[in-house]
Amino acid sequence: MRCNPHTDQVQYRSMKSLMEEFARRTQALLSEPGILERRPAWPVVKAGAISLAPFADSVVTELKPDHALIFILALANVGSKRDLLLKALFKRMLTIVPSDDFVRLLSKLSQAELKDNLLPYIYETGNRGAIACYLAAKLQVYLAPEAFQYFLNARIWHQTDLMNLCLLVKPEESKALCAHIESVIPMVEHPHIKEGYTEFRNILFNHLACEPVHPEVDETQTEKSPVSPAQLLASKPTPLHEPSTKHEKPVDKTSEPNKIPIARQPEPEKVAAKDNRPAASDSQAQTKASRSLNISLQESQTKLIIPLGVIGLLFTGCLFYFSWYYSDPLAMPNTPPKNARAPQQWIDSVSMRPVTAKFLSADKDYRMGELFLTRDKFAEALKLFEDALTIDPDHLQALMRSGYCRLKLGDNKAAAEIFRRVLKKNSGIDSVNLYLARISMTENNLEAAEQHYRAEYALRNDLPVGLELANFLAKTGNQNDAMELIAALQEKNPGKMLVLSTEAETKPEQGGEQP
Amino acid sequence: MNRRALSLTEVILALAIAVMVMVPVTSMFSTSGQQVQKSRNFSFAAALARRISQHLMAMPFEDIVDLPGQSIHDAPDDGFFNPVLNFANDQSGLKRINASEMPTLHGFLEMNDFKYALSVSNVSFGAGDEIKSIAIFITWKETGRDMIYRTHIYVSSV
């Protein structure tokens, strides 16, 4: 049949003006409050839709999605015509995430209409599948348990889509579906499909899906925004059933969505081939970890935010405190006051005992007395030691040295008294018992002498003291003990020939060697 | 969907666990940090005393005299020890211990208020035979306590 160009032109202009008028009315309708069908502008919109009925296919594909949906709602009651228009609308607008207004308008559709016209797009990969799944979750469409297996087999699933898919499960059926999916998983051969099954089961089992998750949309797949009525006037008419954009695939009967559940079960290999799987799997692998983490955090943060926050605050506070307290002191100058008084007491860094200024002063005299001892100037040394003791009576070494000086100067009685004082203060000082033993010898107090000799030998356990003790024992008639001690000393010192001294040799010198 | 809120018991339990974890960790930080500080201070004091004793051995006998507590950082150049043998005209390339030339060491000494002092006892035995007993004191502040490191040397005039 030959077309008349003039008639087409007139029809086209008429359609454009009608669509422009309809768009204006629809806009007015949407701005009004209340239930859609009871708004004042509804009858006018409905009349406009009827007048546009001959151009329904063009209207659905060219008007803004929410205007197009109102057109469908106003034009036709439930039926095959309306289903066709809805399918066309979904096919066109499922490339971008719809606005909340559009979702609210979709709620005007019945569950059956949504199942018939929206859900089949879930099979599709890319934006359409993801957005269809999201819309279904938003609109609280529930499916029969057996339907999910078909969906899971149909394609490779993003985790966000699986979350939305889980929301299509009736809560009371989730346990049974979990069990069913678990039983099916071992039979799934394709690894990516199997992964989808496992993930779906985990999300469902752990109740990770609480609210619809915004799908990840591939921007390269999105269509251009709908053309405004003004732009429409400048463009050519779009024939019925033709794609609205050139890059969109033509509508194919075989690829058109079918009813749910659909006995079509694409083989995984085919799905992979169709989706250009290598590229898809690469991008999935790259983003899977981050997506998984994000979603897990989203779901768990409501449960853990308080304890985690408190623990985090505590930990951070402690870290700040210790990093401040133990930070390099060089980085935080803390100058002590310049005119600070000298302390009266220090802690000795070796012995960790307190050291007073008085002790240090006495120690100075003591050190000087030591110098005099190097020249055997006992009287001068004694004076310095006594000076030290005047300053600090607790200076034990000065006390002992004063006793030694007195011993050397022949004042045995005073020396013995001083040594006993030293022993009373600290019984573990070397040579004190030795001096006392010698003093006791000179006083012929053999019992006390033996006692002090043995105490000194027990303390030092060395050869000179051992020999002096052995000689003392021999001299006092304890030959057996003396020989026994000599044998023990000989065993310890095999390189030396040890013998008991003669009587002349055993006479102790006055004071003995300097300790 | 399981979306119940947290109970007080759960929050308290979480806090208790956090405290149980944090207490040993903080005490570990505390002990190890203090030990590091003590060890560093003691090592520096011992090394400084040894260096001073070496200098005393080398310097003229008559120049060895008492020296009151002297800060090691920012002290006037007494031509004696300060700044630890790094004389201003030293050709060895050593630097003075001040904030501009040796900021790190200067900060460390300033922070711990390191000082040194000498207590000299001179004994003359006649005929030019003299001995000096020199006590070298290094003092510093450590966790609020005044610490001291002491060592003695004897220098003979002969």
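The values are calculated or read from the model by the stated rules, or taken from the named source; none is laboratory data. This is a predicted model, so every value here is computed, not measured. We place every Cβ from the backbone using ideal geometry, glycine too, and count neighbours over all the protein chains shown.
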What are the residues in the range B:142-154 that are surrounded by fewer than 19 Cβ atoms within 10 Å (Cβ to Cβ) and among the aliphatic types (A, V, I, L, M), if any?
B:Ile153
Which residues, counting only those in the range A:150-180, are more than 33 Å from the chain's Cα centre (by Cα) and without any contact (Cβ under 8 Å) to a residue 60 or more places away in the chain?
A:Phe151, A:Leu152, A:Leu168, A:Val169, A:Lys170, A:Pro171, A:Glu172, A:Glu173, A:Ala176, A:Leu177, A:Ala179, A:His180
Can you work out which of the residues in the range A:430-462 that are in a loop (DSSP other than H, G, I, E, B) and out of contact with any Pro (no Cβ under 9 Å at 6 or more places or on another chain) is surrounded by the fewest Cβ atoms within 10 Å (Cβ to Cβ)?
A:Asn444
Just to be sure, is B:Leu109 away from every other protein chain (no Cβ under 11 Å), crowded, with 18+ Cβ neighbours inside 10 Å and either closer than 30 Å to A:Arg375 by Cβ or modelled with pLDDT of 80 or more (or both)?
no
Here are B:Val25, B:Val11, B:Val65, B:Val19: which of them is away from chain A (no Cβ under 11 Å) and not hydroxyl-bearing (Ser, Thr, Tyr)?
B:Val65
The correct count of residues that are assigned to a helix (DSSP H, G or I) and facing chain B (nearest Cβ under 10 Å) in the range A:353-380 is 13
Could you run through the range B:13-44 and say how many residues are under 19 Å from B:Gly107 (Cβ atoms) and touching a Cys at 6+ places or on another chain (Cβ under 9 Å)?
0
Those residues of the range B:121-141 which are more than 8 Å from chain A (Cβ to nearest Cβ) and surrounded by 17 or more Cβ atoms within 10 Å (Cβ to Cβ), in sequence order:
B:Asn122, B:Glu130, B:Lys132, B:Ile134, B:Ile136, B:Ile138, B:Trp140
Looking at this structure, is A:Cys133 among the hydrophobic types (A, V, I, L, M, F, W, C), crowded, with 16+ Cβ neighbours inside 10 Å and in contact with a Lys or Arg (Cβ under 6 Å, 6 or more places away or on another chain)?
no
Just name the residue that is surrounded by the most Cβ atoms within 10 Å (Cβ to Cβ) out of those in the range A:357-411 that are of a type in the set (S, T, N, Q) and under 19 Å from A:Lys425 (Cα atoms).
A:Ser402
Scanning the range B:142-153 for residues that are at pLDDT below 90 and in a strand (DSSP E or B), the one nearest to the other protein chains (Cβ to nearest Cβ) turns out to be B:Arg145
Sole residue being more than 30 Å from A:Arg353 (Cα to Cα) and of a type in the set (D, E, K, R), chosen from A:Glu450, A:Glu370
A:Glu450
Would you please name the residue that is surrounded by the most Cβ atoms within 10 Å (Cβ to Cβ), looking only at residues in the range A:57-81 that are part of a loop (DSSP other than H, G, I, E, B) and not basic (Lys, Arg)?
A:Leu63
Would you confirm, using the coordinates I've provided, whether B:Leu13 is surrounded by 14 or more Cβ atoms within 10 Å (Cβ to Cβ), at pLDDT 85 or above and in a helix (DSSP H, G or I)?
no
